[in-house]
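Here is the structure we will look at, set down as structure tokens.
The values are calculated or read from the model by the stated rules, or taken from the named source; none is laboratory data. This is a predicted model, so every value here is computed, not measured. Please note: Cβ atoms are built from the backbone with ideal geometry, for glycine as well, and neighbour counts cover all protein chains shown.
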Amino acid sequence: MIAPLADLTVHHKPRGLSDRVAYGFVKALRFCADTFFAKRYGHRAVVLETVAAVPGMVGATLNHLKCLRRMEDDRGWIKTLMDEAENERMHLMTFIEVAKPTLFERFVVVAAQWVFYLFFFFLYLISPKTAHRVVGYFEEEAVISYTHYLAEIDEGRSENVAAPELAKRYWNLPEDATLRDVVEVVRADEAHHRDVNHGFANELGGLPQAIVPAVWPHEQLQPHWKEAA
Ligand SMILES: [Fe+2]
Ligand SMILES: [Fe+2]
């Protein structure tokens with residue numbers, strides 16, 4: 001299968017206090033996740049995707065309300081953020097087929113949702129730029145984690161099982177697609193979220209804009225897959 005195009009090397013160098021706070025926060029959470037999950041990548045994906053699906057919906061809600069209050073256009077931000085939330089939820093629905101969370105992990109998900117939703121909501125109210133930068137850095141880390149997951153599969157430590165049916169339908173994957181193919185398309189999605197959110201933070205901070213393709217990475221590839229099929 002041809003992997004979706006994704007630049008895996010992108011890193012936004014922190015500039016100013018807001019960026020440094022965002023980067024420090026994300027690195028601290030990465031340390032916690034590494035300690036808690038170690039190399040259990042399937043479980044890691046399930047738990048972290050429940051968190052990853054929150055910011056898009058918070059950002060969409062608050063931008064929606066702001067546009068209503070100010071009676072102004074959203075320049076496509078609301079749909080982009082809602083699409084991101086749905087895409088992250090599809091990641092969750094995919095990985096739940098691959099790894100079943102333990103009872104303790106389910107408890108962590110419930111507790112973390114309350115804390116993270118409220119935290120991110122107030123962060124977005126106070127500083128949308130910092131909030132989008134936090135997500136940009138989260139997504140940089142997600143790209144790294146899914147690269148590690150691919151290595152686990154390639155080196156035989158995680159079994160390369162058949163792709164879940166739901167994942168094949170959502171990403172238009174071929175019938176014989178495997179977990180490796182799924183992780184690759186998910187990683188391309190995360191790279192896309194990273195570029196979108198760093199782009200939004202740049203725009204709010206008055207920095208030059210990177211051009212982010214409006215289509216999802218897997219949509220760019222669909223014709224190739226159809227040819228190959
Ligand atoms: Fe995700
Ligand atoms: Fe993401």
- Message: Go through the stretch 1-26 and report how many residues are within 17 Å of the chain's Cα centre (by Cα), part of a helix (DSSP H, G or I) and either buried (at least 18 other Cβ atoms within 10 Å of the Cβ) or free of Cβ contacts under 8 Å to residues at least 24 places away in the same chain (or both).
- Response: 3
- Where a residue in the stretch 38-63 is under 19 Å from Ser127 (Cα atoms) and touching a residue at least 60 places away in the same chain (Cβ under 8 Å) and its partner, wherever it lies, is within 16 Å of ligand 1 (Cβ to nearest atom) and β-branched (Val, Ile, Thr), with Cβ under 6 Å and at least six apart: Pro55/Val135
- Only residues that are surrounded by 18 or more Cβ atoms within 10 Å (Cβ to Cβ) and β-branched (Val, Ile, Thr): list them for the stretch 110-152, please. Thr130, Val134, Val135, Val143
- By my count, helices (runs of 4 or more DSSP H) wholly in the stretch 28-95 with at least 3 residues that are at pLDDT below 95 and within 16 Å of ligand 2 (Cβ to nearest atom) are 41-52
- Candidate set from the stretch 163-188 (those that are more than 13 Å from ligand 1 (Cβ to nearest atom) and under 17 Å from Arg40 (Cα atoms)); member that is surrounded by the most Cβ atoms within 10 Å (Cβ to Cβ): Leu179
- Only one of (1) more than 16 Å from Ala22 (Cβ to Cβ); (2) more than 16 Å from ligand 2 (Cβ to nearest atom); (3) free of Cβ contacts under 8 Å to residues at least 40 places away in the same chain fails for Ile144. Which number is that? (2)
- Query: For the stretch 156-191, which residues satisfy the criterion of being within 16 Å of ligand 2 (Cβ to nearest atom) and not hydroxyl-bearing (Ser, Thr, Tyr)?
  - Reply: Ala167, Trp171, Val182, Val183, Glu184, Val185, Val186, Arg187, Ala188, Asp189, Glu190, Ala191
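Can you confirm whether Ala111 is in contact with a helix residue (DSSP H, G or I) (Cβ under 9 Å, 6 or more places away or on another chain) and part of a helix (DSSP H, G or I)? Give the steps one after another, and end with the answer.
Working: in contact with a helix residue (DSSP H, G or I) (Cβ under 9 Å, 6 or more places away or on another chain): no; part of a helix (DSSP H, G or I): yes.
Considered against the rule, which asks whether it is in contact with a helix residue (DSSP H, G or I) (Cβ under 9 Å, 6 or more places away or on another chain) and part of a helix (DSSP H, G or I), Ala111 comes out as no.
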- Note on the structure: Taking the stretch 123-145 and keeping residues within 16 Å of ligand 1 (Cβ to nearest atom) and of a type in the set (Val, Ile, Thr) leaves Val134, Val135, Val143, Ile144
- Pair list, Cβ under 9 Å, 6 or more apart: the stretch 89-115 residue over 16 Å from Gly42 (Cα atoms), other residue away from ligand 1 (no atom under 14 Å from the Cβ) and of a type in the set (Val, Ile, Thr): none
- Look through the stretch 93-123, keep the residues that are touching a Leu at 6+ places or on another chain (Cβ under 9 Å) and not hydrophobic (A, V, I, L, M, F, W, C), and return whichever of them is nearest to Ala52 (Cα to Cα). Thr94
- What are the residue pairs meeting all of these: first residue in the stretch 178-205, first residue among the hydroxyl-bearing types (Ser, Thr, Tyr), second residue at pLDDT 95 or above, Cβ atoms under 8 Å, and 6 or more apart or on different chains? Thr178/Asn160; Thr178/Val161; Thr178/Ala162; Thr178/Ala163
- Query: Before we move on, is Asp34 farther than 20 Å from Glu184 by Cβ, in contact (Cβ under 8 Å) with a residue 24 or more places away in the chain, surrounded by 12 or more Cβ atoms within 10 Å (Cβ to Cβ) and not hydroxyl-bearing (Ser, Thr, Tyr)?
  - Reply: no
- Looking at Glu88, is it under 18 Å from Tyr146 (Cα atoms) and out of contact with any Gly (no Cβ under 9 Å at 6 or more places or on another chain)? no
- What number goes with the only condition from (1) surrounded by 13 or more Cβ atoms within 10 Å (Cβ to Cβ); (2) touching a residue at least 12 places away in the same chain (Cβ under 8 Å); (3) in a helix (DSSP H, G or I) that Asn160 does not pass? (3)
